[in-house]
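For reference, the structure is listed below as structure tokens.
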């Protein structure tokens, strides 16, 4: 999907995660090594399938990528679809900073752990496969997966940005098979997935938030580490991994700053204030958009049934 204009991060600590390629980071039962499409020269490499009790987000992501991979294999490309169990303990979302001293002491901001994981992960097989393709085949792969960029459906976000995605190609075909109406799915999905980009700027503009942030800044300044906001603190911690003499030194610095952030957030009530404003604003939006929420739930429920059928087919 592409956007006509980037909404950006309204605050630097608003984090987002991106799914890349055809690797699905989600765990289950190993089955046969591959699915061989009819009349095609390549295969879909399946590392495993999820269980029926898998949460919707993980299950639908796996089904989308598996269906897209089948389509790609039918067009003559080799594709890997991985399934691995979600982490038992996921990093909490700190939209407005962290006030948990114990978590901060153990994990810092979570930056060091993310960098270490990225550095130690095995090479992603789809990327390795693409890197070995000649330029013309790589272009053909991209066109087959993403479709014609001139043939699109679009959805407008509350921020004013317009998100577009191709109406053809293997990814569009997979989403159509799962959800039915691609344009309606895009409208509903982008609206709910980009809620942070709408909510966070509204919250951070509220006087109650600004007052709490000012108290947090004063506390941080008194502790000897002035910072404009929690995002600036995280930027400094990231920079330390490029300038510190060792990873261990950077991690120690990250944890010290994270503990100071959490201490000041707890003393001033900054994070609790921000999260309370956030929850109230989201509740108002949910009430205003109850019809869209019901439609989104219904379209995802239909997708889940197709995904469960796919599990049965492949097991």
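Of the residues making up the range 58-75, one or more are closer than 30 Å to residue 132 by Cα, at pLDDT 80 or above, part of a loop (DSSP other than H, G, I, E, B) and out of contact with any strand residue (DSSP E or B) (no Cβ under 9 Å at 6 or more places or on another chain). Within the range 218-234, none of the residues are within 22 Å of residue 57 (Cα to Cα), under 22 Å from the mean Cα position of the chain (by Cα) and assigned to a helix (DSSP H, G or I). Among the residues here, residue 19 qualifies as closer than 19 Å to residue 310 by Cβ, modelled with pLDDT under 50, surrounded by fewer than 16 Cβ atoms within 10 Å (Cβ to Cβ) and within 20 Å of the chain's Cα centre (by Cα).
Applying a threshold of 7 Å to beta carbon distances and a minimum spacing of six or more residues, or different chains, the list of pairs starting in the range 112-137 at a residue that is over 24 Å from residue 242 (Cβ atoms) and ending at one that is modelled with pLDDT of 75 or more and in a helix (DSSP H, G or I) reads 130/138; 130/141; 133/141. Each residue in the range 158-183 was checked for being assigned to a loop (DSSP other than H, G, I, E, B), touching a residue at least 24 places away in the same chain (Cβ under 8 Å) and either within 18 Å of residue 144 (Cα to Cα) or touching a helix residue (DSSP H, G or I) at 6+ places or on another chain (Cβ under 6 Å) (or both), and 3 of them qualify.
Please work out if residue 243 is at pLDDT below 90 and over 30 Å from residue 177 (Cβ atoms). Answer is yes for this residue.
Inspect all residues belonging to the range 197-213 and state whether any of them is touching a strand residue (DSSP E or B) at 6+ places or on another chain (Cβ under 8 Å), farther than 26 Å from residue 101 by Cα and assigned to a helix (DSSP H, G or I). Can you show your working first?
At the first step, the residues of the range 197-213 found to be touching a strand residue (DSSP E or B) at 6+ places or on another chain (Cβ under 8 Å) are 200.
Within this subset, residues satisfying the condition of being farther than 26 Å from residue 101 by Cα are none.
No, the range 197-213 has no match at all.
Here residue 189 qualifies as out of contact with any helix residue (DSSP H, G or I) (no Cβ under 6 Å at 6 or more places or on another chain), assigned to a helix (DSSP H, G or I) and crowded, with 16+ Cβ neighbours inside 10 Å.
Yes or no: the range 231-239 includes at least one residue that is surrounded by fewer than 18 Cβ atoms within 10 Å (Cβ to Cβ), without any contact (Cβ under 8 Å) to a residue 24 or more places away in the chain and within 22 Å of residue 100 (Cβ to Cβ). Yes - at least one qualifying residue is present in the range 231-239.
The values are calculated or read from the model by the stated rules, or taken from the named source; none is laboratory data. Note that the coordinates shown come from a computational prediction; the quantities given were computed from them, not determined experimentally. Here Cβ is always computed from backbone atoms with ideal geometry, including for glycine, and neighbour counts include all displayed protein chains.
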